[in-house]
1. Reported to two decimal places, what Rg/Rh ratio describes the protein assembly as shown when computed on Cα atoms with Rh from the Kirkwood expression?
2. Just to check I understand the Karplus step: with θ = phi - 60° and J = 6.51 cos²θ - 1.76 cosθ + 1.60, what whole-Hz values come out for region A:49-66, glycine and proline as x?
3. For A:48-59, what's the mean count of beta carbons from other chains sitting within 10 Å of each residue's beta carbon?
4. Just checking the output field for A:29-42: average partner chain Cβ neighbours within 10 Å of each residue's Cβ?
5. Which of rounded, prolate, oblate describes region A:64-113, given a ≥ b ≥ c as roots of the alpha-carbon gyration tensor eigenvalues and a/c under 1.5 marking rounded, otherwise prolate only if a/b is larger than b/c?
6. In what sequence do B:K66, A:K49, A:K56 fall when counting other Cβ within 10 Å, fewest first?
7. For a 25 Å ceiling on Cα separation, which of these pairs sit above it: A:K68/B:K41; A:K77/B:K41; A:K52/B:K64; A:K49/B:K66; A:K49/B:K64; A:K49/B:K20?
8. How well do other chains shield peptide A:79-91, expressed as the mean number of their Cβ atoms within 10 Å of each residue Cβ?
Amino acid sequence: GDSVTQMEGPVTLSEEAFLTINCTYTATGYPSLFWYVQYPGEGLQLLLKATKADDKGSNKGFEATYRKETTSFHLEKGSVQVSDSAVYFCALRGGSSASKIIFGSGTRLSIRP
Amino acid sequence: GAVVSQHPSRVICKSGTSVKIECRSLDFQATTMFWYRQFPKQSLMLMATSNEGSKATYEQGVEKDKFLINHASLTLSTLTVTSAHPEDSSFYICSASVANGQGANTGELFFGEGSRLTVL
């Protein structure tokens with residue numbers, strides 16, 4: 001079945017550092033890919049998405065490119081802030097899972113001032 | 001964006017009682033809603049898919065009689081944890097889909113704020 005694998009956390013960085021959180025997926029067909037963010041004490045929010053190969057999703061300085069050849073959707077940000085501290089979930093929807101959304105295990109990010 | 005609201009956000013109950021959690025889509029109609037369970041520091045586990053006007057579809061390993069799901073209208077789905085026990089304590093999250101014109105299976109999901117259940 002479809003699955004999402006993302007790098008284990010926690011990830012701790014200093015403010016203004018470059019961020020990469022790796023995400024790879026396994027799916028049949030052409031799923032849509034998402035990054036969701038969960039801030040402390042809150043529900044999940046969509047951060048960005050891409051619906052087809054080579055699409056780049058971007059929001060709040062974060063970017064991720066849908067790479068079908070490497071089945072990846074890595075999340076990047078050039079300069080992180082303390083306010084970016086949260087748990088980030090990579091997810092896919094479509095493929096063999098139809099309307100279900102499949103989440104990765106989540107990566108906790110902590111940014112030091 | 002679309003808003004999904006859950007109620008209550010926190011509930012504490014005694015073992016053996018039943019608890020109902022509501023999930024509402026506030027500004028759109030949701031024919032399909034999803035219920036997830038999130039354990040501490042872990043990912044979201046899909047429990048069931050709730051379809052308006054029909055029976056919910058449960059994931060393997062989720063007890064249907066334990067977690068009753070009702071999707072009575074296009075804006076409301078409820079999850080009832082029956083005869084709750086301490087091991088049912090968890091964070092329950094609902095979500096709903098808004099089709100993006102390319103088909104429902106490519107639309108993003110909007111999540112409720114979550115409901116934290118503590119069973120004593």
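Read the figures in this text as sums done on the coordinates, not as results from a lab. Since the structure is predicted, the reported quantities are computational estimates derived from the model, not experimental observations. Glycine also receives a Cβ, built like all others from the backbone with ideal geometry; neighbour counts cover every protein chain displayed.
1. 0.97
2. Each residue of region A:49-66 in turn: 8, 8, 10, 8, 4, 6, 5, 10, x, 8, 5, 6, x, 8, 9, 8, 10, 6 Hz.
3. 1
4. That works out to 2 on average.
5. Oblate, since a/c reaches 1.5 and b/c is not below a/b.
6. Listing B:K66, A:K49, A:K56 from fewest to most nearby Cβ atoms yields A:K56, B:K66, A:K49.
7. A:K68/B:K41; A:K52/B:K64; A:K49/B:K66; A:K49/B:K64; A:K49/B:K20
8. The shielding value for this peptide is 1.
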